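Visitor: Right, I'll just put the structure down here and ask away after.
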Amino acid sequence: MQDATCKCPRATATSARADAPRLLLVSYEFPPKGGTQSQWVAKLAAGLADRGWKVEVLSVADPPTALLDEGLLDEVAGRVSVTRTYSLEPTRLVQAFRRLKSQRYELATDSAVDHSPKGASKRPRQATPGTRSYTSAPPWLVKLAKALFVPDEKVGWVPWAVSAGVNLHAEKPFNVVVTTGPPHSAHIIGRRLKRRLHIPWIANLMDPIVDYYAFKPATPLNAYSTRRYERRLLKHVDRATIATETMRRGLLQRNPDAAGRVSVLPNCFDPADFHNRHVRDSKRFVISYVGVFQLTISPDVFLEAVAALAARDARFAHDVRVRLVGPQDAQTDRAIETTGTEDLVDQAGFLSHAAATRAMAEADVLLLVLGPEPEASAILTSKLPEYLASGRAILALVPEGEAADLVRRAGAGEVVAPDSVEAVGAALGRLYRRWQDGALPRPDPRVVAEYACGPHLSDLDKLIRGLLQ
């Protein structure tokens, strides 16, 4: 197979000593690709480099997404090295189609627009991609992709990434390989590199492979293949980490032989991102949602509650402003139109991580939404630790489980069922009255400190070094 490693400029690590142990971190999600998973992997890479590792990140070249965050790449510059390889995946077809469409658009506008100085000012602007990239494809197409690929449609990245990992090891050997997913195809790369390079392998599961709301098997065969993939991963991996204790218990119930090799590495926040929190001084009651609405994570119930409360309370209708920070999508647009909340909602679109954390700090209340399905009880979303770190009150529309327990333990706000308009409206009214009194709840700093990344990355560092002894 021809080596397709990207020849683009590589970030060069300078923080690790020349004799530092070498670690290969394999992740499809990495800056400049934006989003919560890229944020986590960037923090993971930089944190391990700061703890004395020479970190080489192996990621994908030219990721097929419109959601880019160059600021995240700046955070790891000079601290880690990065190699990017090609991937053969269905989303490349979408990527090629968009490029062709963009080129045709430019040709059409060039021939149709008056190029005189007066006419140039009237040139139409091309719409900015604002959705979740390929996940805005028709549901039947997404379901088909899930049915055809195990563990996910990124499996076509594996051969190029394995080849690149072997070549990098030949240049200067690695001591350990760490993989992170989803996409969980990264763990195939880790397993193959462990076997070929004879080095330990640690798998970081940000989300479960089995029993996860966002990746329900499309067919019985797909479900069987996914469970088999999880069993093989747990059989060969030296250590695995997963985001919550509930997820860990579920994983070990299905794979009891892995007991003792699976630990919890929770979602966490970087205190540096919240060091200079902006203190709001606004006459508006600002409720912000930072993240993506997808599948059963929907704005419908919340917006219905806002509309109902605004209809009953003219003062609330005057004061409230809902700010949605994240990729725009048709589902949310319909919900805003259906509930008649156009004058109450501002859609900021996708923002960089730095801008998103500022948006958290500038809100009065932060909205957290999960779906009502049983699998959601195990989820502690990556945004929740950052919500807590912002010091703002939280309105959590979540089922009983990890997220609900943490919001209550931190005394951070209100927890209500995600499918009850009446309960959400009542909780919203209580928070509004506390805002009027200047008495909104604030998260307990002692609980917040439990989710700072530093101690958890130190624990991971110790775990990895323990494998090398």
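The values are calculated or read from the model by the stated rules, or taken from the named source; none is laboratory data. From a predicted model like this one, the values you see are computed outputs, not experimental measurements. Heads up, the Cβs are rebuilt from the backbone with ideal geometry, glycines too, and the neighbour counts pull from every protein chain shown.
Visitor: Does LEU168 count as modelled with pLDDT of 95 or more, over 21 Å from the mean Cα position of the chain (by Cα) and aliphatic (A, V, I, L, M)?
Guide: yes
Visitor: If you check ASP110, ASP62, which single one turns out to be charged (D, E, K, R), at positive phi and at pLDDT below 90?
Guide: Exactly one residue qualifies, and that residue is ASP62.
Visitor: Separate question: Suppose we filter PRO183, PRO220, PRO173 for residues that are at pLDDT 95 or above and of a type outside the set (Val, Ile, Thr); which single one remains?
Guide: Values: PRO183 fails: at pLDDT 95 or above; PRO220 fails: at pLDDT 95 or above.
When all the criteria are applied, what remains is PRO173.
Visitor: If you go through the stretch 246-269, how many residues are surrounded by 14 or more Cβ atoms within 10 Å (Cβ to Cβ), assigned to a helix (DSSP H, G or I) and in contact (Cβ under 8 Å) with a residue 12 or more places away in the chain?
Guide: 7
Visitor: Here's another thing I want to ask about it. Residue by residue through the stretch 39-70, note down the ones that are among the polar types (S, T, N, Q) and touching a helix residue (DSSP H, G or I) at 6+ places or on another chain (Cβ under 6 Å).
Guide: Initial filter on the stretch 39-70 (among the polar types (S, T, N, Q)): 39, 59, 65.
GLN39, THR65 - these are the residues of the stretch 39-70 that are among the polar types (S, T, N, Q) and touching a helix residue (DSSP H, G or I) at 6+ places or on another chain (Cβ under 6 Å).
Visitor: Name the residues in the stretch 448-468 that are more than 15 Å from ARG239 (Cβ to Cβ), free of Cβ contacts under 8 Å to residues at least 12 places away in the same chain and in a helix (DSSP H, G or I), would you?
Guide: Those that are more than 15 Å from ARG239 (Cβ to Cβ), free of Cβ contacts under 8 Å to residues at least 12 places away in the same chain and in a helix (DSSP H, G or I): ALA449, PRO455.
Visitor: Which residue pairs have Cβ atoms under 7 Å apart, sit 6 or more places apart or on different chains, and have a first residue in the stretch 134-161 that is closer than 17 Å to PRO220 by Cβ and a second that is modelled with pLDDT under 65 and β-branched (Val, Ile, Thr)?
Guide: none
To keep it simple, each residue is scored yes or no on (1) surrounded by fewer than 19 Cβ atoms within 10 Å (Cβ to Cβ); (2) of a type in the set (A, V, I, L, M); (3) assigned to a helix (DSSP H, G or I).
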{"residue": "PRO159", "(1), (2), (3)": "yes, no, yes"}
{"residue": "HIS184", "(1), (2), (3)": "no, no, no"}
{"residue": "ALA214", "(1), (2), (3)": "yes, yes, yes"}
{"residue": "ALA223", "(1), (2), (3)": "yes, yes, yes"}
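Visitor: If PRO63 satisfies all but one of (1) assigned to a loop (DSSP other than H, G, I, E, B); (2) touching a residue at least 60 places away in the same chain (Cβ under 8 Å), what's the number of the condition it fails?
Guide: Failing condition for PRO63: (2).
Visitor: May I ask you to say which residue of HIS198, HIS236 is surrounded by fewer than 18 Cβ atoms within 10 Å (Cβ to Cβ), on the phi > 0 side of the Ramachandran plot, assigned by TED's automatic domain parsing to the domain that holds THR83 and out of contact with any Pro (no Cβ under 8 Å at 6 or more places or on another chain)?
Guide: None of the other options fit; the residue is HIS198.
Visitor: What is the one condition in (1) within 30 Å of GLY47 (Cβ to Cβ); (2) assigned to a helix (DSSP H, G or I) that TYR432 does not satisfy?
Guide: (1)
Visitor: Of all residues in the stretch 161-171, how many are under 23 Å from LEU463 (Cα atoms) and either of a type in the set (Phe, Trp, Tyr) or surrounded by fewer than 24 Cβ atoms within 10 Å (Cβ to Cβ) (or both)?
Guide: Total satisfying the criteria: 1.
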